[in-house]
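Written below as structure tokens is the structure these notes are about.
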Number of protein chains: 2
Amino acid sequence: MAVVHGGGAAKEISNMSGKYLEDLGVGQVYRSGRITVEKERIKAFAAEFDPQPFHLDEDSARRSIFGGLAASGWHTAALTMRLLVESDFKPVGGIVGAGFDEFRWPAPVRPGDELHVESEVLEVRPSRSRPHQGLVKVRTTTKNQKGEAVQISVGNLVVPRRPTSVPGGSHAAAA
Amino acid sequence: MAVVHGGGAAKEISNMSGKYLEDLGVGQVYRSGRITVEKERIKAFAAEFDPQPFHLDEDSARRSIFGGLAASGWHTAALTMRLLVESDFKPVGGIVGAGFDEFRWPAPVRPGDELHVESEVLEVRPSRSRPHQGLVKVRTTTKNQKGEAVQISVGNLVVPRRPTSVPGGSHAAAA
């Protein structure tokens, strides 16, 4: 398992150099920066998208299955995306999901939690029907400040192939 | 396949009577109300959670894999949750997901699209380890105004069992 590098300092460089399918390899791990989940943002997100008592109100939340205020899972998912977009995992053409093999929230996100993301490349394969692109399977684990996983997904992303990588292509010969 | 009823008029009644595991049956379909996805909300959501050019800017979006401005998939997911929470599918204790067997976005959501949700109960089973609750497998399809599916998920929800449904229980006898 190769740790490529964390978020933060290298951001400006990686922003200028998106990754082609050929740049991604099984076992690569990309880490994000960190983000703190504020109580008021938990409530505001829930009010707009998931208005259930355990995401909106401390008293109701205490009596719920969560035993206290918890972020909507969709808030966690959205924050995970933010962290992923700002990490060094930057496919050319953007992070475009084709679907998930797995998606779950093993533990609740609480007010004040500090989240970060680790994404591991599980599989890289060229598309048979679309020669200019491929699919990359990535396990993305969102963790809190205690290292507990609060979201685990295994998703399949569409990533362009490097145009010059065609065997015999003029640019490939020059590379 | 039994269509239970749509969103809207019946909302006030169903708000007062959450569903126990015993109230849910395979083949039941719950339909939501409708929500229009505004262009400015697409951009605002993306700016906060998924700041990629094809969700933020029309010109960049035209040149991207989406061929035009598209909502973040997580925006679609969050709007789906909103529609689901406001539909008549109301488990006692709330909509609490244990994870997904399937999750994908077959088509992009565009500015001005009007979304609604259809949720079909695929499986209802009591928990072996936790006798007071069960798991319900639900396929939730988010559709646009043309009837195209923009999100399909198959999720497993935790739903409480009716306390009086224990065989021989006094309330069960009275029911």
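Which residues, taken from the range A:68-96, are open to solvent by 30 Å² or more (accessible area, probe 1.4 Å) and at the interface with chain B (Cβ under 9 Å from one of its Cβ atoms)?
Within the range A:68-96, A:ARG82, A:GLU86, A:GLY93 qualify.
Which count do you get for residues in the range A:26-45 that are under 13 Å from A:ARG110 (Cα atoms) and open to solvent by less than 10 Å² (accessible area, probe 1.4 Å)?
Total satisfying the criteria: 2.
Taking B:ALA173 as meeting all but one of (1) among the aliphatic types (A, V, I, L, M); (2) at pLDDT 95 or above; (3) open to solvent by 80 Å² or more (accessible area, probe 1.4 Å), write down the number of the exception.
The failed condition is (2).
So, in the range B:7-25, how many residues would count as being open to solvent by 50 Å² or more (accessible area, probe 1.4 Å) and either at pLDDT below 95 or within 11 Å of chain A (Cβ to nearest Cβ) (or both)? Talk me through it step by step, then tell me what you get.
Residues of the range B:7-25 open to solvent by 50 Å² or more (accessible area, probe 1.4 Å): B:9, B:11-13, B:15-17, B:20, B:22-23.
Filter once more, so that each one left must be either at pLDDT below 95 or within 11 Å of chain A (Cβ to nearest Cβ) (or both): B:9, B:11-13, B:15-17.
So the answer is 7.
Can you name the condition, by its number, that B:GLY33 falls short on among (1) in a helix (DSSP H, G or I); (2) touching a Leu at 6+ places or on another chain (Cβ under 9 Å)?
(1)
Under 7 Å between Cβ atoms, at least 6 apart or on separate chains: pull out the pairs that start in the range B:46-65 with a residue that is farther than 13 Å from A:MET81 by Cα and open to solvent by 50 Å² or more (accessible area, probe 1.4 Å) and end on any residue that is among the charged types (D, E, K, R) and part of a helix (DSSP H, G or I).
What qualifies is B:LEU56/B:LYS43.
So in the range B:102-152, with the set limited to residues that are open to solvent by 10 Å² or more (accessible area, probe 1.4 Å), within 14 Å of another protein chain (Cβ to nearest Cβ) and in contact with a Lys or Arg (Cβ under 7 Å, 6 or more places away or on another chain), which one is farthest from B:ARG34 (Cα to Cα)?
Among those that are open to solvent by 10 Å² or more (accessible area, probe 1.4 Å), within 14 Å of another protein chain (Cβ to nearest Cβ) and in contact with a Lys or Arg (Cβ under 7 Å, 6 or more places away or on another chain), it is B:HIS132.
The values are calculated or read from the model by the stated rules, or taken from the named source; none is laboratory data. The structure displayed is predicted, hence computed values, not measured ones. All Cβ positions, even for glycine, are placed from backbone atoms using ideal geometry, and neighbour counts span all protein chains on display. Please note that ligands, DNA and RNA were not included when accessible areas were found on the heavy atoms of the full protein model with its side chains. Shrake-Rupley method; radii C 1.70, N 1.55, O 1.52, S 1.80 Å.
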